[in-house]
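Submitted below is the structure of interest, expressed as structure tokens.
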Amino acid sequence: MSKKWTRTDIPDQRGRVAVVTGANTGLGYETAKALAERGASVVLAVRDVEKGEQAAARMTGDVSVQALDLSSLDSVRTAAAALRSRLDRIDLLINNAGVMYTPRQTTRDGFEMQFGTNHLGHFALTGLLLDLMLPVPGSRVVTVSSTGHRIRAAIHFDDLQWERSYSRVGAYGQSKLANLMFTYELQRRLAPHGTTVAVAAHPGMSSTELARNTPAALRLPLTWLAPLITQTPAMGALPTLRAATDPAAFGGQYYGPGGRNEIKGHPRLVTSSPQSYEVTTQQQLWTASEDLTNIKYPTDEPSLHV
């Protein structure tokens with residue numbers, strides 16, 4: 001394997017089934033495209049089906065589209081049911097879709113938009129699809145976080161939905177910290193099964209549509225600095241692809257760009273913030289997420305142990 005991990009290091013994916021959320025543009029598109037090129041059967045799980053079809057048409061290989069709006073638990077349940085009816089297994093679930101720095105708004109279920117979409121939507125989707133993965137050796141749940149999990153980030157259990165006051169940066173940080181805590185707690189619950197693992201990744205600073213809601217005070221400086229501090233979506237997708245396909249990866253790991261401050265560069269193992277490893281907080285978040293989504297995971301059911 002090359003010293004700098006690239007798309008050419010992705011092993012043959014023929015016979016594997018991958019579901020990638022938010023795959024019609026940006027990081028998700030590049031992730032899905034690379035997996036399809038290596039032979040995987042890829043499902044683009046997207047909010048806008050027309051854009052998803054257009055994205056699929058630009059890819060080579062076995063690519064299909066599934067409607068999924070992570071800001072609606074009804075849509076998540078409908079999408080999961082549709083996937084369960086058409087797939088008999090899932091090897092890779094890539095929880096990539098997300099929103100960033102949105103103005104104060106809520107999902108259809110009344111959750112703060114960033115927490116509801118980035119974390120709760122993926123928590124629900126994973127729980128509804130996990131029994132298609134547990135029997136599959138080598139299957140992986142890869143959840144995309146961000147360096148934003150370090151910025152003004154905490155899990156505000158006394159106000160998870162930011163109803164008392166709102167910070168778009170703080171809410172984004174909470175959602176991305178939740179992505180990591182979900183990954184670590186999920187891995188702990190998956191470990192006894194011995195087949196499926198949970199891994200996390202982040203893209204560094206990548207030039208995508210995700211930053212369209214960046215506050216005005218930051219937008220101009222970032223525009224000037226962009227050529228120096230950002231990388232292409234294809235490069236930004238590499239940590240996710242390595243987390244998903246590197247035979248040496250194992251559960252509970254976190255991949256990001258290998259350059260200075262993890263801003264850009266080829267993917268390598270990285271570490272997340274100290275608070276992201278707090279087991280008590282991870283478990284508290286898990287319980288809150290189950291209660292909010294009314295989703296119970298199959299990982300504790302003896303009948304599903306393999």
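Within a 10 angstrom radius of the beta carbon, how do 122, 156 rank from fewest other beta carbons to most?
Details: 122 27, 156 15.
The most exposed by this proxy come first: 156, 122.
For the pair residue 78 and residue 105, how long in nm is the line joining their label points, each one 7 Å along Cα→Cβ?
1.9 nm
Can you list residues from other chains, or at least 5 along the same chain, whose modelled amide H is less than 5 Å from the amide H of residue 206?
Amide H to amide H, under 5 Å and 5 or more residues apart or across chains, residue 206 pairs with 231.
Still on this structure, I have one more. Around residue 253, with a cut-off of 15 angstrom between Cβ atoms, what is the net charge of the other residues, counting Lys and Arg +1 and Asp and Glu -1?
On the way: positive: 140, 188, 242, 268; negative: 185, 246, 262.
Residues close to residue 253 contribute a combined charge of +1.
If you don't mind, another one. What is the local net charge at residue 110, summed over the other residues whose Cβ is closer than 14 Å to its Cβ (Lys, Arg +1; Asp, Glu -1)?
My count for the surroundings of residue 110 gives -4.
Additional query: What helices does the chain have that are whole DSSP H segments, at least 15 Å long along their own axis by Cα, and with mean Kyte-Doolittle hydropathy of 1.0 or more? All intermediate terms of the calculation are to be shown ahead of the outcome.
Values: long enough: 26-37 (17 Å, -0.06); 73-86 (20 Å, -0.02); 168-190 (33 Å, -0.37); 216-229 (19 Å, 1.40); 279-293 (21 Å, -0.56).
Qualifying helices, which must be both long enough and hydrophobic enough, are 216-229.
Continuing with the same structure: Based on DSSP H runs of at least 4 residues, each adding -39500 (n - 2.57), what is the mean residue ellipticity at 222 nm of the chain after dividing by all its residues, to the nearest 500 deg cm²/dmol? Don't jump to the answer; show the numbers that get you there.
Numbers: 9 runs with 107 residues, N = 306.
That calculation yields -11000 deg cm²/dmol at 222 nm.
How big is the gap, in Å, between the Cα center of the stretch 48-108 and the Cα center of the stretch 138-177?
Centre-to-centre distance over Cα atoms comes out at 21 Å.
Report the Cα centroid-to-centroid distance between the stretch 1-42 and the stretch 231-290 in angstrom, as an integer.
A separation of 17 Å, based on Cα centres.
Between residue 269 and residue 165, how high is the FRET efficiency from 1/(1 + (r/R0)^6) when r is the Cβ-Cβ distance and R₀ = 30 Å? Nearest 0.05.
Numbers: r = 36 Å, r/R0 = 1.22.
The computed FRET efficiency comes out at 0.25.
I would also like to ask the following. May I ask you to work out the translational diffusion coefficient for the stretch 1-160 at 4 °C, viscosity 1.567 mPa s, via Stokes-Einstein with Rh from the Kirkwood sum over Cα pairs, reported in whole µm²/s? Display every interim value, and only then the final one.
On the way: Rh = 16.4 Å.
It comes out at roughly 79 µm²/s.
Any idea how far apart residue 287 and residue 232 come out in nm if each label point goes 7 Å out from Cα toward Cβ?
4.8 nm
No value in this document is a laboratory result; all are computed from the given coordinates. If you're wondering where the values come from, they're calculated on a predicted model, not measured in any experiment. FYI the Cβ positions are ideal-geometry reconstructions off the backbone, even for glycines, and counts take in every protein chain you see.
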